[in-house]
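Throughout, read-outs are computed from the coordinates displayed, never taken from laboratory work. Remember, predicted model here, so these are calculated numbers, not experimental data. Neighbour counts run over all protein chains shown; Cβ positions are idealised from the backbone, glycine included.
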Amino acid sequence: DSGVTQTPKHLITATGQRVTLRCSPRSGDLSVYWYQQSLDQGLQFLIHYYNGEERAKGNILERFSAQQFPDLHSELNLSSLELGDSALYFCASSVDTGDTQYFGPGTRLTVL
Amino acid sequence: QKEVEQDPGPLSVPEGAIVSLNCTYSNSAFQYFMWYRQYSRKGPELLMYTYSSGNKEDGRFTAQVDKSSKYISLFIRDSQPSDSATYLCAMSVLSGGYQKVTFGTGTKLQVIP
């Protein structure tokens with residue numbers, strides 16, 4: 001158990017809908033990262049927050065947004081969902097930027 | 001050219017074999033190297049990390065970094081069926097005031113009993 005929690009574990013929704021994925025980092029970690037992993041694909045970095053502020057953006061679509069709250073938990077919002085958004089979404093946390101990242105168990109999103 | 005290259009495999013070996021997993025990288029500024037293991041449909045799990053060139057050992061696992069060749073390896077001794085997973089290398093570099101981590105795409109390993 002990495003200490004990073006993600007909810008929900010599974011999410012099934014329809015095209016055009018909006019969903020919110022939640023991540024709680026390890027105790028003491030200030031950085032939260034979001035990744036997307038499609039079937040048999042590598043980890044695609046989406047976005048990084050550090051202590052409430054956005055620090056870096058990767059290949060994140062405009063339909064996706066994220067935030068990190070004062071208690072350091074983070075949410076990833078996915079809107080106008082398309083079939084191609086079906087994937088595993090992982091959250092990772094680290095103490096600082098660039099430190100070892102510890103991954104949560106992921107949220108499996110299925111868009112029908 | 002990708003910053004980090006990793007053979008996707010799959011790599012199939014018999015139980016008990018020594019496994020060698022490798023990554024090459026192009027950015028000589030990378031300073032921190034990690035290996036993650038990911039079981040199917042699970043989150044990546046940190047196996048090992050190192051800052052320096054040379055070898056670092058942890059049980060059946062040895063991480064090797066050769067900064068002059070920009071090459072890192074993970075060796076697994078006495079491989080077990082439970083080692084069957086995808087192995088991801090990752091590297092960190094300070095870029096534009098930001099410590100950036102780059103992952104390889106992963107090598108899928110199958111250990112056959």
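General observations
- Local electrostatic count at B:S28 - Lys and Arg +1, Asp and Glu -1, tallied over other residues with Cβ under 9 Å: +2
- Whole-number percent relative contact order across chain B, with pairs defined as alpha carbons under 8 Å at least 6 apart: 37 percent
- Antiparallel bridge percentage (DSSP; both residues within chain B; nearest 5): 90 percent
- A:S27-B:D58 FRET efficiency (beta carbon distance; Förster radius 25 Å; 0.05 resolution): 0.55
- Near A:H10: Cβ cut-off under 15 Å, other residues only, Lys/Arg at +1 and Asp/Glu at -1. The net charge is +4.
- Spacing of the two label points (7 Å from each Cα toward its C-beta) at A:E82 and A:D96, in nm: 3.9 nm
- Loop sites here are chymotrypsin sites (Phe, Trp or Tyr not before Pro) outside DSSP states H, G, I, E and B with no more than 15 other Cβ atoms within 10 Å. The longest part of chain B free of them is B:52-113.
- Cβ-based net charge around B:M91, under 14 Å, with every Lys or Arg adding one and every Asp or Glu removing one: 0
- For the protein assembly as shown, size of Cβ-based charge dipole, Lys and Arg +1, Asp and Glu -1, in debye: 180 debye
- Its relative contact order, with pairs defined as Cα atoms under 8 Å and 6+ residues apart, puts chain A at 37 percent.
- For the residue pairs B:K56/B:K108; A:K57/B:K70; B:K2/B:K70; A:K9/B:K56, the alpha carbons lie more than 24 Å apart in A:K57/B:K70; A:K9/B:K56.
- Loop-located GluC sites (Glu not before Pro) in the stretch A:21-63 (DSSP state not H, G, I, E or B) with no more than 13 neighbouring Cβ atoms inside 10 Å: A:E62.
- Residue exposure sequence - B:S40, A:S74 - by fewest surrounding Cβ within 10 Å: B:S40, A:S74
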